[in-house]
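Student: The structure that follows is given in the form of structure tokens.
The numbers here are math on the coordinates, done by the rules we state, and not lab data. Small disclaimer: the values here were computed from a predicted structure and weren't measured.
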Amino acid sequence: MTARMGDTITPGDERQKRWGDADERAALATDIVAAAVLGGRFTLRSGAVSDYYIDKYRFTTQPKLLVRITDALLPHVPADTQRIAGTVLGAVPLAVALSLRTGLPSILVRADAKGYGTAKAVEGELAAGERVLLIEDVVTSGGAAISAREALLDAGATVNGILAVIDRQEGGAERLAAADVPFLALFTRTELGLGGA
């Protein structure tokens, strides 16, 4: 049985393990590149300059592609996860889609606490000690992921890992490893044919 958006699949469910034969994985990589990789000269959040840009909004706002990405993320959700967190704004669709699929509640992590209302960096219900999986769209230097993890820790969460769609292979994975943070990306820039590290 193929999972569909709205189906609840508990982490560890047998359907969770079925994604990802080589052809399906290659097709997803091709479709992400076709939808989201732009050529030109771009300054990245990290400050680095690149001759390509991965426009995460182009792969997170297309329902059919988002469903396939969610299916690919699903096998990597640790069984002990209690909440799915997404960084504002780019990873929110990914976190919500994964939340809908797993039935796990989602929370949102802001880069900075807002200066009004609840003035919180983490939005949504979170109990102290809950195990949270942080979802990222694209990891470059790892700075945004580390900041989001720190905000979650400050809010009382236990972060059991960071799961990304793409690792640009520009130091993010190494920085997260140095911080002893479990990290996995579905694809590296090399696997997407965007150059090797």
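Student: Using 0.36 nm times the number of residues separating A128 and L184, minus their current alpha carbon distance, what extension gain do you get?
Tutor: On the way: separation 56, 0.36 × 56 = 20.16 nm, distance 2.47 nm.
Stretched out fully, the A128 to L184 stretch lengthens by 17.7 nm.
Student: Let me ask something additional. Counting every Cα pair in region 124-197, what percent are over 17 Å apart?
Tutor: Working: 1110 of 2701 pairs.
Distances greater than 17 Å cover 41 percent of the Cα pairs.
Student: Using the C-alpha gyration tensor of the chain, what are the square roots of 5 times its eigenvalues, in whole angstrom, with the largest one first?
Tutor: Details: eigenvalues 117, 97, 45 Å².
For the chain, the ellipsoid semi-axes come out as 24, 22, 15 Å.
Student: If I stretch the segment between A113 and K64 completely, what's the gain in nm (0.36 nm per residue apart, minus their alpha carbon distance), one decimal? Intermediate results must be reported in sequence, preceding the final value.
Tutor: Numbers: separation 49, 0.36 × 49 = 17.64 nm, distance 3.24 nm.
Going from the current span to full extension adds 14.4 nm.
Student: Let me ask you something else. Based on DSSP H runs of at least 4 residues, each adding -39500 (n - 2.57), what is the mean residue ellipticity at 222 nm of the chain after dividing by all its residues, to the nearest 500 deg cm²/dmol? Working shown, then result.
Tutor: Numbers: 6 runs with 61 residues, N = 197.
Computed ellipticity for the chain at 222 nm equals -9000 deg cm²/dmol.
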